[in-house]
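The values are calculated or read from the model by the stated rules, or taken from the named source; none is laboratory data. Please read these numbers as outputs of a predicted model, since none were measured by experiment. Every residue, glycine among them, receives a Cβ derived from its backbone with ideal geometry; neighbour counts consider all protein chains shown. Side chains included, ligands, DNA and RNA excluded: accessible areas come from the protein's heavy atoms. Shrake-Rupley method; radii C 1.70, N 1.55, O 1.52, S 1.80 Å.
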Amino acid sequence: MEKAKPEVVFQVGMVVRDAEEKVRALKQWFDFDEDSIVVKDTRTMTEQGIFHDNQYLGKPAEFYIKTIRLSFGGIDFEYIEPLNQAGGDPFSDWLLEHGEGIHHINVKFENRERLVENMEQLGVPVLHSAKMRDKGYSFYDLRSQFGFIAEVGEMVVGPMAEAYYRDRGGKPV
């Protein structure tokens, strides 16, 4: 079996009830680059055609989240606030079942296709997937196998993106 090779871990994603509240608290206790804060919501991104092909548990899904991302020690911290917190999507279901906290790590693999094939062999289904600017990403629940949920995509985002793409002769997405 050919192994999938992780290239870079660049993000920690946390599901929270109120992302702005978490960032306010973070500002009180930690010195980080506040200019790195980026606020987005998938409703606006969907309307602009940036965010599309959303699936949850293998079925088309429509749900929206607010994200606040920032550079925290060189890693992209992503606070995810489900705009509907009643359940029925990956993030509000997580919040209802587990409460607030770390949801996933985002990993860029050198050979993403190999990872996908290995997940199929392990019997690990895609939990959630979508496209942003026509670049796909998927979440795999690997907690029972390896102790974490992985977001695996075609791009690197956040504070590590510029150096990642510069070192490889490309441009951030």
Condition (residue is more than 20 Å from R143 (Cβ to Cβ) and in contact with a Lys or Arg (Cβ under 7 Å, 6 or more places away or on another chain)) applied to the stretch 56-70: is it met by at least one residue? yes
Within the group G136, G88, which residue is of a type outside the set (S, T, N, Q) and in contact with an Asp or Glu (Cβ under 6 Å, 6 or more places away or on another chain)? G136
Of all residues in the stretch 17-40 being closer than 11 Å to L70 by Cβ and of a type in the set (A, V, I, L, M, F, W, C), which is surrounded by the fewest Cβ atoms within 10 Å (Cβ to Cβ)? F30
Name the single residue that is nearest to T67 (Cα to Cα) among those in the stretch 1-16 being more than 16 Å from the chain's Cα centre (by Cα) and either surrounded by fewer than 13 Cβ atoms within 10 Å (Cβ to Cβ) or polar (S, T, N, Q) (or both). K5
Residue that is nearest to V23 (Cα to Cα) [pool: residues in the stretch 112-131 that are part of a loop (DSSP other than H, G, I, E, B) and open to solvent by 30 Å² or more (accessible area, probe 1.4 Å)]: P125
